[in-house]
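These notes are about the structure you will find just below.
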Amino acid sequence: MVLIFVNSCKKDPVPHNPYDDIIHGNNTTPIPPDPNSIVGIHANILKTRCAKSGCHDGNFEPDFRTVESSYATLVYHKVKKNSLDAKYTFRVVPYDTSRSALYARLTRCNYASTSGCDRMPQDIIGVPLEQALINNIVYWISHGAKDMFGNVPSYPNTEPKILYYYATDPTYKLNYGADTNRMNNVFYNPFYMPNNKTLNLLFFVSDDSTAVSAMQVNTVKISTKADDFSSALSYPATYIYVNASTQFHLATINTGTLPNSDTLFMRYFVNDGDHPVNTQFPTNNLVFQYKTYWSFFVKP
């Protein structure tokens with residue numbers, strides 16, 4: 001009976017685990033990314049050569065800390081520091097290195113300065129990246145500047161931005177819109193205009209895909225009502241080029257043809273040719289101070 005009891009307490013043998021036969025090996029080295037991809041370019045160039053402390057490590061754009069931040073601040077991202085010839089709009093334009101400021105920054109020795117070589121990376125000023133690394137960037141841009149998932153980005157096309165206006169006389173010496181020439185000297189109140197004088201209105205706009213010279217409509221309307229321009233007086237604005245950084249549209253108005261002793265509200269209309277509806281500023285939904293800033297009062 002003792003023998004039977006002992007044998008009954010023995011456990012059944014554990015069945016064989018087939019996964020124990022797999023030889024995993026000791027090689028845990030990850031496969032390096034394609035050097036011509038944004039992942040490879042970030043790993044081999046942007047992260048190691050550019051995202052240094054105090055440089056492109058989040059202190060200023062482009063931000064090269066991660067693949068995602070690199071891509072977001074490069075591809076179809078507007079330049080903040082343009083070249084001396086103001087040639088570039090975006091840091092990276094897919095399929096086109098000649099229009100990509102990134103390529104120029106890596107290869108041009110006098111991008112924004114004539115006093116010395118400002119080629120990037122600036123920790124080795126004047127010494128370019130190795131040609132093999134530049135070739136990786138050229139390949140990436142030339143093949144569509146694809147994201148980390150292999151997608152080619154879509155071209156941005158937002159409405160134009162109406163930045164500001166400037167009110168002056170034909171000599172461009174008088175600033176009618178100065179704070180000291182506004183009702184009660186309050187900067188957002190209507191500015192004063194003498195009667196029977198020429199008012200030059202300069203309108204400054206920008207767009208992500210259309211040159212300032214190619215803007216359409218370019219009309220300023222003047223109304224005695226802040227939010228109703230249906231029967232307003234309309235004046236065409238003509239494109240004026242001073243230099244690459246100073247381009248505007250000019251409308252000339254004789255104040256003798258306008259109602260006096262009443263606040264006259266201005267609204268500017270423009271179209272980049274890509275949108276069915278004209279862009280306008282100010283808009284009805286803005287606070288009243290924007291509308292009074294864009295207004296004037298003709299003294300009788």
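Derivation of every value follows stated rules applied to the coordinates shown; laboratory data play no part. Bear in mind that the values here come from a model prediction, so they are computed numbers and not experimental data. All Cβ positions, glycine included, derive from the backbone under ideal geometry; neighbour counts span all protein chains shown.
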Quiz item: Does at least one position in segment 197-215 carry a residue that is surrounded by 15 or more Cβ atoms within 10 Å (Cβ to Cβ), over 26 Å from Lys291 (Cα atoms) and not aliphatic (A, V, I, L, M)?
Solution: yes
Quiz item: Which residues, taken from segment 113-143, are part of a loop (DSSP other than H, G, I, E, B), touching a Leu at 6+ places or on another chain (Cβ under 8 Å) and surrounded by 13 or more Cβ atoms within 10 Å (Cβ to Cβ)?
Solution: Arg119, Met120, Pro121, Pro128, Leu129
Quiz item: Residue check, Ile240 against (1) buried (at least 18 other Cβ atoms within 10 Å of the Cβ); (2) part of a strand (DSSP E or B); (3) of a type in the set (A, V, I, L, M), all met but one. Which one?
Solution: (1)
Quiz prompt | Residue identified as surrounded by fewer than 19 Cβ atoms within 10 Å (Cβ to Cβ), acidic (Asp, Glu) and within 26 Å of the chain's Cα centre (by Cα) among Asp179, Asp96 | solution = Asp96
